[in-house]
1. Right, TYR175: over 30 Å from ILE257 (Cβ atoms) and either assigned by TED's automatic domain parsing to the domain that holds LYS230 or buried (at least 21 other Cβ atoms within 10 Å of the Cβ) (or both) or not?
2. So how many residues does the range 210-252 have that are assigned to a helix (DSSP H, G or I), among the hydrophobic types (A, V, I, L, M, F, W, C) and surrounded by 19 or more Cβ atoms within 10 Å (Cβ to Cβ)?
3. Name the residues in the range 37-49 that are surrounded by fewer than 22 Cβ atoms within 10 Å (Cβ to Cβ) and within 23 Å of SER90 (Cα to Cα), would you?
4. Given the options LEU144, LEU161, name the one that is at pLDDT below 95 and not hydroxyl-bearing (Ser, Thr, Tyr).
5. Take ALA82 and decide whether it is aliphatic (A, V, I, L, M), free of Cβ contacts under 8 Å to residues at least 12 places away in the same chain and within 24 Å of ILE310 (Cα to Cα).
6. Could you tell me how many of the residues in the range 119-141 are crowded, with 18+ Cβ neighbours inside 10 Å and modelled with pLDDT under 80?
7. Picking from ALA168, ALA221, which residue would you name as being under 30 Å from PRO327 (Cα atoms) and of a type in the set (A, V, I, L, M, F, W, C)?
8. Filter the helices (runs of 4 or more DSSP H) completely within the range 1-118 down to those with at least 1 residues that are touching a strand residue (DSSP E or B) at 6+ places or on another chain (Cβ under 8 Å) and at negative phi.
Amino acid sequence: MADPTFTPRVFSGIQPSGGLTLGNYLGMIKPAVGMQNSGDFETLYCMVDLHAITARLVPPSELIHNTREVAAGFIASGIDPAKSMLFNQSQVPEHAQLAWIFNCVARMGWMGRMTQWKDKAGKNAEAASLGLFAYPTLMAADILIYHATHVPVGEDQKQHLELTRDIAAKFNHDYGIEFFPLTEPVIGGAAPRVMNLQDGSKKMSKSDPSDKTRINMTDDADTIAKKIRKAKTDPDPLPDAVAGLEGRPDARNLVNIYAALAETTQQAVLDEHAGALFGHFKMALADLAVSKLAPIAGEMQRLMADPAEIDRILGDGAQRARALSAPILDQTYDIIGMLRS
């Protein structure tokens, strides 16, 4: 467990790589709003734009647009910049400065075992960027520069958080000081993994070439309803128990989405809709999704029409974030023995 003297603090980051989806909303943004409103934590939410260039150098206009769009998605979904720190990573240079120190703490063997590195680099690892290889140490710096005690993560990021804990533990051991917390993962949510609307065995992704596989957070009401009506299902009615969804990935996905949007359980959804055919159930799901998501899309559109206001919010968030990160970096330098003016 994290040292109890550390302030309970949540850090969560999302890459501004273009096109927020329902998966981003249910898996990350909606839980972030819940953590903000719980009052149990200080909350920091970050557009990790330094991570966004690890796989490819993104055209500047695209990166700027994507960063603003993610910020708009957070705000429209309920993140209050007065309650949470909302900012983009590159405006807080302490992230990159601590990442270099962690590059010197982490071992090559640790990094080489990262499954995401293997998956993304593939057989062409020699052509991959050094930034992609070092991605996990920058992620560790993102978290530990704020002494974050908790990080919401999906299954695909658990290994990176374990590395963050390893880096913190090694730094603490090497310098004989309990300085960095051993950050705890927060895994959960009614639908932590939202799947493809046309293939329930695959994760919903903004990179899929077919737009009908996902619900975008910018989709209007008609588009949301149409995509749900055309979502892949099977011919059998809904079961009366969760066990009856076994081997039915498309059915399970739609039930998960309904449960997450309604803030209820899978079983409660089945209690209400058991025996229904999917034509009927998808109409109910479409009505629910439109009621929850269309207002967010409308607010995002309003916010994106005023980019100067988004930039002001991110700049203010960065200043507040630096008020936390700068002293922690200074203390890190003191521990290491680095002279500064």
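The values are calculated or read from the model by the stated rules, or taken from the named source; none is laboratory data. Everything numeric here is computed off the predicted structure, so don't read it as measured data. Because the Cβ atoms are built from the backbone with ideal geometry, glycine has one as well, and the counts that use them run over all protein chains shown.
1. Working: over 30 Å from ILE257 (Cβ atoms): yes; either assigned by TED's automatic domain parsing to the domain that holds LYS230 or buried (at least 21 other Cβ atoms within 10 Å of the Cβ) (or both): no.
Spelling it out, it is not the case that TYR175 is over 30 Å from ILE257 (Cβ atoms) and either assigned by TED's automatic domain parsing to the domain that holds LYS230 or buried (at least 21 other Cβ atoms within 10 Å of the Cβ) (or both).
2. Going through the range 210-252 one residue at a time, the tally reaches 5.
3. Correct list: GLU42, ASP49.
4. On the way: LEU144 fails: at pLDDT below 95.
Only one candidate passes the filter, namely LEU161.
5. Values: aliphatic (A, V, I, L, M): yes; free of Cβ contacts under 8 Å to residues at least 12 places away in the same chain: yes; within 24 Å of ILE310 (Cα to Cα): yes.
So ALA82 fits the description; yes.
6. Residues in the range 119-141 being crowded, with 18+ Cβ neighbours inside 10 Å and modelled with pLDDT under 80: 0 in total.
7. Values: ALA221 fails: under 30 Å from PRO327 (Cα atoms).
After ruling out the rest, the residue left standing is ALA168.
8. 30-38, 60-77
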